[in-house]
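Data first, discussion second: the structure below is written as structure tokens.
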Amino acid sequence: MSSGPYAALDPCVHCGFCLPACPTYLVTADEGHSPRGRIVLMRALERGEMSGHDAALVEYLDACLGCRGCEPVCPSGVGYGRGLEAAREQLLSQRGLSPLARSVLGVFRYRALWRSVFALARGLRATRLPSLLSGPGRMRFGMGMLAASAEMRERVEWSARQRGSGTAGHELGSRDDLAADQTRRPAAPPTVALFRGCVMDLLFSHVHAATRRTLEVNGYRVLDLPDQMCCGALHEHAGDRESARALASANVEALAGRADFVVVNSAGCGALLKDYGHLVGTPESSTLAASVRDVSELLAEKGPRPGAPLDIDVAYDAPCHLQHAQRVHEAPLAMLRAIPALRLQLLPGSDRCCGSAGIYSVLRPRMARKVLESKIADVEAASPRPDLVVTGNPGCIMQIGAGLRAAKLPVRVAHPVELLDLSYQNAGFYEVKGE
Ligand code: SF4
Ligand code: SF4
């Protein structure tokens, strides 16, 4: 038994129920790549019987996606994520970061750096070369990831078709309706600070815009607050808690006490923001963490208001950090069900990671691609074949989107809030220009 940071692993009785839920075990059938095997290794690390200089231990623990798919299936309530957090911090202190991990994490540490990198990526994306060059090889897969970050732009035709057919005879959505609703709202609507993040801020600014518009239709006042940083989740997952804490503290400073809620539309960022109390350890950080909501939670709380019909087949794939870390299951589905005519299915295997896992797909591309294969097979096998896969996390959108392109499947990926936004645009709640 342990009283330290590994205590969350204490309840493990080595039953193995978690093995079939672990993506890396499923692709390797190797006990060392399973939660149970990794817990044994973490215990050995804790006791000093193994160290960060043991190649096998490092390989097995590094190969963990941190998806926490093993937690909800564990009958003993093992807190695998907390154990992994402790192990990775200990490993980092013993062997440091690899040069690649150090450079990638270094970029996300400084706003000017990640803004420059993502501005360049945006410029490249605007040339449409990534879309043309996307494919199965490593470079082409990277291009596919970049192309997948802007799927809505490439669905203009599809969107126009929906607009032409969707609103006829639909009773909802006139501007008068909206104005009437607004007059019925309480004088002071709840305020929401939008968490901008890093990759979301530059490559997914269209999702931020959709978040803002859909929340406003549902009676929230959305605030844009300056001086925000990357959330720190990538650093936290790598064991670099010092950097994660510094970034989190800056965000607490920027956001605390300024709105009723902090809204996040990236599951990975949301999971860490909700854990800022544990990470930073101040009363302000705990209060801020308690006010954090995924965008789907805020919208589901208000219904949300229905929009115009979208006559499409959609498969929802739950991001690990929304379903396993934040334990948010129903809200995204409620949000999508508010869109009339939309046919919604839960993607088979939606409880399994897609292999994105922060910077995992950059650091361990082979395992990430193996894990992704079963996700793509699930999309291929889904009946009916979806027009769109929707998932509320940028890494998952890019990973699955690139995988679908590499497999030449005519299915695209979007954030769920983009669909509600499109439904609202078609209903005439607002017009969107220049996105
Ligand atoms: S983590 Fe839970 S499910 Fe997995 S072996 Fe331990 S007790 Fe069993
Ligand atoms: S976090 Fe994910 S990859 Fe790691 S042991 Fe658990 S299920 Fe497997």
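The values are calculated or read from the model by the stated rules, or taken from the named source; none is laboratory data. Values in this document were obtained by computation on a predicted structure and should not be read as measured data. Note that each Cβ is placed from the backbone with ideal geometry, even for glycine, and that neighbours are counted across all protein chains shown. Accessible surface areas use protein heavy atoms only, side chains included; no ligands, DNA or RNA. Shrake-Rupley method; radii C 1.70, N 1.55, O 1.52, S 1.80 Å.
Examine the stretch 377-388 for a residue that is open to solvent by 20 Å² or more (accessible area, probe 1.4 Å) and free of Cβ contacts under 8 Å to residues at least 24 places away in the same chain, and state whether such a residue exists. Scanning the stretch 377-388, I find at least one residue that is open to solvent by 20 Å² or more (accessible area, probe 1.4 Å) and free of Cβ contacts under 8 Å to residues at least 24 places away in the same chain, so the answer is yes.
Out of the stretch 260-289, which residues are among the polar types (S, T, N, Q) and either open to solvent by 10 Å² or more (accessible area, probe 1.4 Å) or within 18 Å of Arg245 (Cα to Cα) (or both)?
Narrowing the stretch 260-289 to residues among the polar types (S, T, N, Q): 265-266, 282, 285-287.
Scanning the stretch 260-289 gives Thr282, Ser285, Ser286, Thr287.
Please indicate, with yes or no, whether at least one residue in the stretch 382-394 is in a helix (DSSP H, G or I) and modelled with pLDDT of 95 or more.
yes
Going through Leu105, Leu97, Leu65, Leu92 one at a time, which residue ends up being open to solvent by less than 20 Å² (accessible area, probe 1.4 Å), closer than 23 Å to Gly232 by Cβ and at pLDDT below 95? Only one candidate passes the filter, namely Leu105. Where residues in the stretch 1-23 are more than 14 Å from ligand 1 (Cβ to nearest atom) and open to solvent by less than 30 Å² (accessible area, probe 1.4 Å), which of them is nearest to Ala368 (Cα to Cα)? Among them, the one singled out is Pro23. Would you say Cys74 is closer than 20 Å to Ala271 by Cβ, within 14 Å of ligand 1 (Cβ to nearest atom) and in contact with a Ser or Thr (Cβ under 6 Å, 6 or more places away or on another chain)? Against the criterion (closer than 20 Å to Ala271 by Cβ, within 14 Å of ligand 1 (Cβ to nearest atom) and in contact with a Ser or Thr (Cβ under 6 Å, 6 or more places away or on another chain)), Cys74 does not qualify.
Please name all residue pairs, on different chains or six or more residues apart, with Cβ atoms under 6 Å, provided the first residue is in the stretch 82-94 and is without any contact (Cβ under 8 Å) to a residue 60 or more places away in the chain and the second residue is open to solvent by 30 Å² or more (accessible area, probe 1.4 Å). Sorted first by the residue in the stretch 82-94, then by its partner, the pairs are Gln94/Ser51. Among the residues of the stretch 37-50, just one is within 20 Å of Pro75 (Cβ to Cβ) and open to solvent by 60 Å² or more (accessible area, probe 1.4 Å), namely Val40.
Could you count how many residues in the stretch 354-376 are in a loop (DSSP other than H, G, I, E, B), open to solvent by less than 10 Å² (accessible area, probe 1.4 Å) and touching a residue at least 60 places away in the same chain (Cβ under 8 Å)? If you could, list the steps in order and put the result at the bottom.
Of the residues in the stretch 354-376, the ones in a loop (DSSP other than H, G, I, E, B) are 354-359, 364.
After this cut, where a residue has to be open to solvent by less than 10 Å² (accessible area, probe 1.4 Å) as well, the list is 354-356.
Cutting the leftovers down to touching a residue at least 60 places away in the same chain (Cβ under 8 Å) gives us 355.
Of the residues in the stretch 354-376, 1 are in a loop (DSSP other than H, G, I, E, B), open to solvent by less than 10 Å² (accessible area, probe 1.4 Å) and touching a residue at least 60 places away in the same chain (Cβ under 8 Å).
How about the stretch 125-150: which of its residues are of a type in the set (A, V, I, L, M, F, W, C), surrounded by 14 or more Cβ atoms within 10 Å (Cβ to Cβ) and assigned to a helix (DSSP H, G or I)? Talk me through it step by step, then tell me what you get.
Restricting attention to the stretch 125-150, the residues satisfying the condition of being of a type in the set (A, V, I, L, M, F, W, C) are 126, 129, 132-133, 139, 141, 143, 145-148, 150.
If we keep only those that are surrounded by 14 or more Cβ atoms within 10 Å (Cβ to Cβ) too, we end up with 133, 141, 143, 145-148, 150.
Within the stretch 125-150, Leu133, Phe141, Met143, Met145, Leu146, Ala147, Ala148 qualify.
Would you confirm whether any residue within the stretch 296-305 is open to solvent by 10 Å² or more (accessible area, probe 1.4 Å), within 30 Å of Phe429 (Cα to Cα), among the small types (Gly, Ala, Ser) and at pLDDT below 95? Checking the stretch 296-305: at least one residue is open to solvent by 10 Å² or more (accessible area, probe 1.4 Å), within 30 Å of Phe429 (Cα to Cα), among the small types (Gly, Ala, Ser) and at pLDDT below 95. Evaluating Ala55 against the criteria (1) more than 13 Å from ligand 1 (Cβ to nearest atom); (2) over 19 Å from Leu363 (Cα atoms); (3) open to solvent by 50 Å² or more (accessible area, probe 1.4 Å) leaves one unmet condition, (2).
Specify which of the listed residues (Gln323, Gln345) is in contact (Cβ under 8 Å) with a residue 12 or more places away in the chain, assigned to a strand (DSSP E or B) and outside the structural domain of Leu19 (by TED's automatic domain parsing). Give the steps one after another, and end with the answer.
Values: Gln323 fails: assigned to a strand (DSSP E or B).
Exactly one of Gln323, Gln345 is in contact (Cβ under 8 Å) with a residue 12 or more places away in the chain, assigned to a strand (DSSP E or B) and outside the structural domain of Leu19 (by TED's automatic domain parsing), namely Gln345.
Here the condition is being outside the structural domain of Met145 (by TED's automatic domain parsing) and of a type outside the set (Val, Ile, Thr); of Glu431, Glu380, it holds for Glu431 alone.
Using beta carbons and a limit of 6 Å, which pairs, at least six apart or on different chains, have the first residue in the stretch 3-16 and without any contact (Cβ under 8 Å) to a residue 40 or more places away in the chain and among the hydroxyl-bearing types (Ser, Thr, Tyr) and the second one in a helix (DSSP H, G or I) and within 14 Å of ligand 2 (Cβ to nearest atom)? That search, which allows pairs on different chains as well, returns nothing.
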